[in-house]
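Enquirer: The structure is given below, and queries will be raised subsequently.
The values are calculated or read from the model by the stated rules, or taken from the named source; none is laboratory data. Quantities reported herein were computed from a predicted structural model and do not represent experimental measurements. Cβ placement follows ideal geometry from the backbone for every residue including glycine, while neighbour counts extend to all protein chains displayed.
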Amino acid sequence: MNILVCISHVPDTTSKINFTDNDSKFDANGVQFVINPNDEFGLTRAMWFKEKQGAKVTVVNVGGSETEPTLRKALAIGADAAIRVNTKATDGFKVAKQLAKVITDGSFDLVIAGRESIDYNGGMVPGMVAGLTNANFVNNCIALEVDGNTASATREIDGGKETISVGLPLIIGGQKGLVEESELRIPNMRGIMMARQKPLTVVEPDETNSKTASIKFEKPAPKGAVKLVPEDNLDELINLLHNEAKVI
Amino acid sequence: MSVLVYTESDQGKLKKGAFEVASYGKAVANQLGTTVTAISINADETSVLGNYGVDKVLTVSSSELESFNAKIYASVIKQAAEKENSQIVIISSSADSKYLAPLLAVDLQAGYVSNVIETPISTSPFTVKRNAFTNKAFEITQINTNVKIVGVSSNAFGLVESNGSATAEDFSPTIEASNLKVESVDRTTNKVTIADADIVVSGGRGLKGPENWGMIEELADVLGAATACSKPVSDLGWRPHSEHVGQTGKPVASNLYIAIGISGAIQHLAGVNASKVKVVINTDAEAPFFKAADYGVVGDAFTVVPKLIEKIKAFKAQQ
């Protein structure tokens, strides 16, 4: 099985978010970047396929050279090879278009991406890749098994879950549940050393126009002070929720 | 030229999100001076959409569409958009709508923007405001394609009633084949889902163990709320992953979010920040969540929550 895992390079979940250039750009200054958590669950599941079923695992990112440490980390976790498509990820469609070309060129049977990145939260790349490559697609995937050319995938639905049987090639929009949090791997020294020897191929982008453009960012207005209610006066809390906030 | 809204239903019943997209679609149609058409699949009562600004409903009834299939549903919506010559398609933020939206965008060669929280800032160029960075920021985005898909964030625009009426028209799209088969569905019955809930009651590690969740469930029950939990609680296996809310879990955008024994890590706050009103109950007055909350009670959950349940019961009985 030939697996491609799509890796987004995103600010660490604890990052304070700031903007620069007149609020038109994300300010990467002082920000630590990590593998997008939803992608990391997929990468770890791919490691299972590699170890138990002999799959080959390639990771891919669409971005500038600043994303290479994140790809190297994925190699240190155990991926066999990495590809970077050398272009700025300006919108979900453009990224999907680049990934679709990588998938067609590399004849991958299974593509695992996170259901969304935790920076722009577009939630569209895996589905667009499926649409562009005419492959099957399961989103919000929380469990995945592959047997020959067929997969069994469980997806989270509003208020429950649903199990689907589906043929390869298959695109997965993955999330926590693909593996448990406790199964995530921290690269060890041997992995980090080996990652240096593994191929990281830079490919030039397909000419594509973005369909959407980011114009400006805003931060939420600062929050007013909390109204504290003494614990022996919960009637006041109910009064505030009913008459002031009007939510009960 | 109508604005097309996909009004989702569940087992024949229109979902709350359907009325939200209808309300939003009406506001956009007003900006553009056009009408609203809804596309509804296997829904029983669609005339009520008229109360939210829909002028016409394309009703599709087909046993082949009984279980949700993103690709096939996207194709049905595409055919509706083409029939109506719609340049703007509005969808909700439900799991199913977010699943089909990118497929629909490829089918329609449309630009798609998700998590939109307000009516367009401008319709030419078409510019919208959306949540990004897991509610830590807003992004103003422009869609540059002829056909545009807008995914509306749950509970952001809300429901707006108008006094119109919707005419129903049978619609029989071509239904594609699919080799994707739903084998089983496991639904938690009779429980409000986090996605649909107006109120969410959430518990954290401060509750000390899964055996103490009875009062969380009871409080949720008296409020008609969904239950949720923080990440450590789901990692410890006290509660199922499906209840984990926060940056890597489910996003919450309820009217009221009650956090009990949750200190308020930055990732948790990001995931629940879209909720309109936040109440925190925590023993630690220094817990960061108090800075992000509207109302707070500094106190022990084990004494505060049972008292609160009794007070709310009494309040509800009065209403």
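Enquirer: Select from segment A:34-57 the residues that are surrounded by 22 or more Cβ atoms within 10 Å (Cβ to Cβ) and without any contact (Cβ under 8 Å) to a residue 60 or more places away in the chain and write down the one among them that is nearest to the other protein chains (Cβ to nearest Cβ).
Expert: Applying the filter and picking the extreme gives A:I35.
Enquirer: Ok, one more. Quick check on my filter: what residues within segment B:297-319 are within 9 Å of chain A (Cβ to nearest Cβ) and closer than 20 Å to B:K208 by Cβ?
Expert: Passing the criteria: B:V297, B:V298, B:G299, B:D300, B:T303, B:V304, B:K307, B:L308.
Enquirer: Hey, does segment A:92-110 have a residue that's part of a strand (DSSP E or B) and surrounded by 21 or more Cβ atoms within 10 Å (Cβ to Cβ)?
Expert: Yes, there is a match, as at least one residue in segment A:92-110 is part of a strand (DSSP E or B) and surrounded by 21 or more Cβ atoms within 10 Å (Cβ to Cβ).
Enquirer: Another one. Consider A:M193 against the criteria (1) touching a residue at least 12 places away in the same chain (Cβ under 8 Å); (2) more than 8 Å from every other protein chain (Cβ to nearest Cβ): it satisfies all of them except one. Which criterion is unmet?
Expert: Failing condition for A:M193: (1).
Enquirer: Between B:S75, B:S93, which is of a type in the set (S, T, Y) and not in a loop (DSSP other than H, G, I, E, B)?
Expert: So the residue among B:S75, B:S93 that is of a type in the set (S, T, Y) and not in a loop (DSSP other than H, G, I, E, B) is B:S75.
Enquirer: Sticking with this one: In this structure, does B:V152 turn out to be in contact (Cβ under 8 Å) with a residue 40 or more places away in the chain, more than 10 Å from every other protein chain (Cβ to nearest Cβ) and not small (G, A, S)?
Expert: yes
Enquirer: Please go through segment A:209-225 and pick out each residue that is under 16 Å from B:Q109 (Cβ atoms) and at the interface with chain B (Cβ under 7 Å from one of its Cβ atoms).
Expert: Of everything in segment A:209-225, those that are under 16 Å from B:Q109 (Cβ atoms) and at the interface with chain B (Cβ under 7 Å from one of its Cβ atoms) turn out to be A:K211, A:T212.
Enquirer: Can you report the number of residues in segment A:17-33 which are exposed (fewer than 12 other Cβ atoms within 10 Å of the Cβ) and charged (D, E, K, R)?
Expert: Residues that pass the stated criteria total 1.
Enquirer: Take the residues in segment A:200-235 that are loosely packed, with under 13 Cβ neighbours inside 10 Å and of a type in the set (S, T, N, Q); name whichever of them is farthest from A:K16 (Cα to Cα).
Expert: Checking each candidate, the answer is A:N233.
Enquirer: Given the residues B:V54, B:V76, which is the only one that is touching a helix residue (DSSP H, G or I) at 6+ places or on another chain (Cβ under 6 Å), modelled with pLDDT of 95 or more and either surrounded by fewer than 24 Cβ atoms within 10 Å (Cβ to Cβ) or more than 9 Å from chain A (Cβ to nearest Cβ) (or both)?
Expert: Of B:V54, B:V76, the one residue that is touching a helix residue (DSSP H, G or I) at 6+ places or on another chain (Cβ under 6 Å), modelled with pLDDT of 95 or more and either surrounded by fewer than 24 Cβ atoms within 10 Å (Cβ to Cβ) or more than 9 Å from chain A (Cβ to nearest Cβ) (or both) is B:V54.
Enquirer: While we're here: All but one of (1) surrounded by fewer than 24 Cβ atoms within 10 Å (Cβ to Cβ); (2) within 29 Å of A:N243 (Cβ to Cβ); (3) in contact with a Lys or Arg (Cβ under 6 Å, 6 or more places away or on another chain) hold for B:P232; which doesn't?
Expert: (2)
Enquirer: Just to be sure before I move on: is A:N136 touching a helix residue (DSSP H, G or I) at 6+ places or on another chain (Cβ under 8 Å), within 23 Å of B:K191 (Cα to Cα) and modelled with pLDDT of 95 or more in the structure I sent?
Expert: Taking the combined requirement at face value, the residue does not satisfy it.
Enquirer: Then there is this: Return the only residue of B:V106, B:V113 being facing another protein chain (nearest Cβ under 10 Å), out of contact with any Asp or Glu (no Cβ under 7 Å at 6 or more places or on another chain), under 22 Å from A:R115 (Cβ atoms) and part of a strand (DSSP E or B). Let's see the steps before the verdict.
Expert: Details: B:V106 fails: part of a strand (DSSP E or B).
Of B:V106, B:V113, the one residue that is facing another protein chain (nearest Cβ under 10 Å), out of contact with any Asp or Glu (no Cβ under 7 Å at 6 or more places or on another chain), under 22 Å from A:R115 (Cβ atoms) and part of a strand (DSSP E or B) is B:V113.
Enquirer: Filter segment B:263-303 down to the residues that are surrounded by 23 or more Cβ atoms within 10 Å (Cβ to Cβ) and among the β-branched types (V, I, T) and list them by number.
Expert: Selection gives B:V272, B:V279, B:V280, B:I281, B:V297.
Enquirer: Further question: Would you pick out the residues in segment B:284-296 that are within 10 Å of chain A (Cβ to nearest Cβ) and more than 28 Å from the chain's Cα centre (by Cα)? Explain how you work it out, then say what you get.
Expert: We begin by selecting, within segment B:284-296, every residue within 10 Å of chain A (Cβ to nearest Cβ); these are B:285, B:289-296.
Matches in segment B:284-296: B:A285 only.
Enquirer: Can you find a residue that is of a type in the set (V, I, T), in contact (Cβ under 8 Å) with a residue 12 or more places away in the chain, assigned to a loop (DSSP other than H, G, I, E, B) and buried (at least 17 other Cβ atoms within 10 Å of the Cβ) anywhere in segment B:193-210?
Expert: Yes, segment B:193-210 contains a residue that is of a type in the set (V, I, T), in contact (Cβ under 8 Å) with a residue 12 or more places away in the chain, assigned to a loop (DSSP other than H, G, I, E, B) and buried (at least 17 other Cβ atoms within 10 Å of the Cβ).
Enquirer: When segment A:143-179 is examined, which residues are found to be touching a residue at least 24 places away in the same chain (Cβ under 8 Å), of a type in the set (A, V, I, L, M, F, W, C) and within 7 Å of chain B (Cβ to nearest Cβ)?
Expert: Answer for segment A:143-179, where residues must be touching a residue at least 24 places away in the same chain (Cβ under 8 Å), of a type in the set (A, V, I, L, M, F, W, C) and within 7 Å of chain B (Cβ to nearest Cβ): A:I164, A:V166.
Enquirer: Here's a check for you: in segment A:179-199, which residue that is basic (K, R) and surrounded by 14 or more Cβ atoms within 10 Å (Cβ to Cβ) is farthest from B:L236 (Cα to Cα)?
Expert: Filtering segment A:179-199 for residues that are basic (K, R) and surrounded by 14 or more Cβ atoms within 10 Å (Cβ to Cβ), the one farthest from B:L236 (Cα to Cα) comes out as A:K198.
Enquirer: List the number of the failed condition for B:Q87; all other conditions in (1) within 9 Å of chain A (Cβ to nearest Cβ); (2) over 21 Å from the mean Cα position of the chain (by Cα) hold.
Expert: It is condition (1) that B:Q87 fails.
Enquirer: If we only count strands (runs of 3 or more DSSP E) wholly inside segment B:236-309, which ones have 1 or more residues that are touching a helix residue (DSSP H, G or I) at 6+ places or on another chain (Cβ under 9 Å) and among the aromatic types (F, W, Y)?
Expert: B:256-260, B:295-298
Enquirer: Among residues belonging to segment A:7-59 that are among the basic types (K, R) and part of a helix (DSSP H, G or I), point out the one that is farthest from A:S214 (Cα to Cα).
Expert: It comes out as A:K52.
Enquirer: Condition (residue is of a type in the set (K, R) and within 7 Å of chain B (Cβ to nearest Cβ)) applied to segment A:197-205: is it met by at least one residue?
Expert: No, the conditions are met nowhere in segment A:197-205.
Enquirer: So A:F217 passes all but one of these: (1) farther than 30 Å from A:L144 by Cα; (2) at pLDDT below 95. Which condition number does it fail?
Expert: Unmet for A:F217, out of (1) farther than 30 Å from A:L144 by Cα; (2) at pLDDT below 95: (2).
Enquirer: Mind checking which residues of segment B:122-143 are β-branched (V, I, T) and either more than 9 Å from chain A (Cβ to nearest Cβ) or surrounded by 23 or more Cβ atoms within 10 Å (Cβ to Cβ) (or both)?
Expert: Residues satisfying the conditions are B:T123, B:V128, B:T134, B:T141, B:I143.
Enquirer: A further question on this structure: Could you please find all residues in segment B:144-169 being assigned to a loop (DSSP other than H, G, I, E, B) and surrounded by fewer than 14 Cβ atoms within 10 Å (Cβ to Cβ)?
Expert: Within segment B:144-169, B:N146, B:G158, B:L159, B:E161, B:N163, B:S165 qualify.
Enquirer: Considering each of B:T134, B:T145, B:T123 in turn, give the residue that is modelled with pLDDT under 95 and not assigned by TED's automatic domain parsing to the domain that holds B:A270.
Expert: B:T134
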